[in-house]
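One structure is given below, encoded as structure tokens.
What follows draws every value from the coordinates through simple rules; no lab data is involved. Quick caveat, the model's predicted, so the values are computed rather than measured. Neighbour counts run over all protein chains shown; Cβ positions are idealised from the backbone, glycine included.
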Amino acid sequence: MPKKENRPAVTESCGNVFADLGLPNPEELLAKATLVLKISEIIKGRHLSQAEAAKVLGTTQPKVSNLMNGRLQGFSMERLLRFLNALDRDVQIVVKRRSRSRKRAKFTVEVT
């Protein structure tokens, strides 16, 4: 008789892991994670040490370490946007009417 495989159950994501995990404010967490990822990519792309990045960002090396390791606590959206400006990135915020096909408005971040 063939041996049965024990496959883990698979649950399809809604597109936001923070919502999938039932965390509060999942859209804000996803937006912050997106910004932190971009900040980390820029720092790595410039080959900056954490201490060098801290000087550019006007923060401390431990805070940069937290950023580089995806720890979102202690970082407001405003602060992350200031970090992007310090890294010579323009930030554009667009406010528009919600699509009629959705029941509620959404909050998203798009990086290029």
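Checked against (1) part of a helix (DSSP H, G or I); (2) surrounded by 15 or more Cβ atoms within 10 Å (Cβ to Cβ); (3) free of Cβ contacts under 8 Å to residues at least 40 places away in the same chain, Thr59 meets all criteria but (1).
Would it be correct to say that Glu52 is closer than 22 Å to Thr112 by Cα and part of a helix (DSSP H, G or I)? In short, no. On the stretch given as the range 86-107, residues that are surrounded by 11 or more Cβ atoms within 10 Å (Cβ to Cβ) and either outside any helix (DSSP H, G or I) or under 16 Å from the mean Cα position of the chain (by Cα) (or both) total 5. Among the residues making up the range 2-56, those that are β-branched (Val, Ile, Thr) and exposed (fewer than 10 other Cβ atoms within 10 Å of the Cβ) are Val10, Thr11.
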